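The values are calculated or read from the model by the stated rules, or taken from the named source; none is laboratory data. If you're wondering where the values come from, they're calculated on a predicted model, not measured in any experiment. As a convention, Cβ positions derive from the backbone with ideal geometry for all residues, glycine included, and neighbour counts pool all protein chains shown.
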């Protein structure tokens, strides 16, 4: 007798026992399939929401940067000094002139550490080159005694070499995206640990 026929006979004879198990298995398979579909849909929705939020945040940063883009380099330095004061820095002074050896803004964080800021008012599409970072590395601590050295720019990126110098010499590199977050209200001390990183859309650093 073929195996299939034997199985059918056994199933018929024991149907009262088999059918609840079969129904349970089919139900479990159905529930699992539905859950898998719902989980996939949830993941897609979360991913799409994350992308949308990142895009909206980037747009908001750019809108907040519109006023900054219209400033002269002198007004930009004063604006950055104002952001420092807003976030609790004291004894904030602005150089407002060339030949300041990289100390455009000097002040003290709330915990007493001295902060020295160099401001680079560049076009958004530019990258801060390594020679700008080299000059600041050479003066921020040796010349000005900075505990926190911050190079802030309106450009979207630092070159790979400039960012490498910043990381090796503990210079906080604040590009346009991070500056936009600062302008929008992010506290300076929450931005310092990011040092060159951010969630916004920006060009990749060029060599």
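In table form, for the structure just shown:
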| read-out | value |
| --- | --- |
| Subset of the stretch 157-190 [in contact (Cβ under 8 Å) with a residue 40 or more places away in the chain, farther than 16 Å from residue 109 by Cα and surrounded by fewer than 15 Cβ atoms within 10 Å (Cβ to Cβ)] | 160, 184 |
| Elements of type strands (runs of 3 or more DSSP E) contained in the stretch 62-156, each with 2 or more residues being modelled with pLDDT of 95 or more, touching a strand residue (DSSP E or B) at 6+ places or on another chain (Cβ under 8 Å) and surrounded by fewer than 17 Cβ atoms within 10 Å (Cβ to Cβ) | 90-94 |
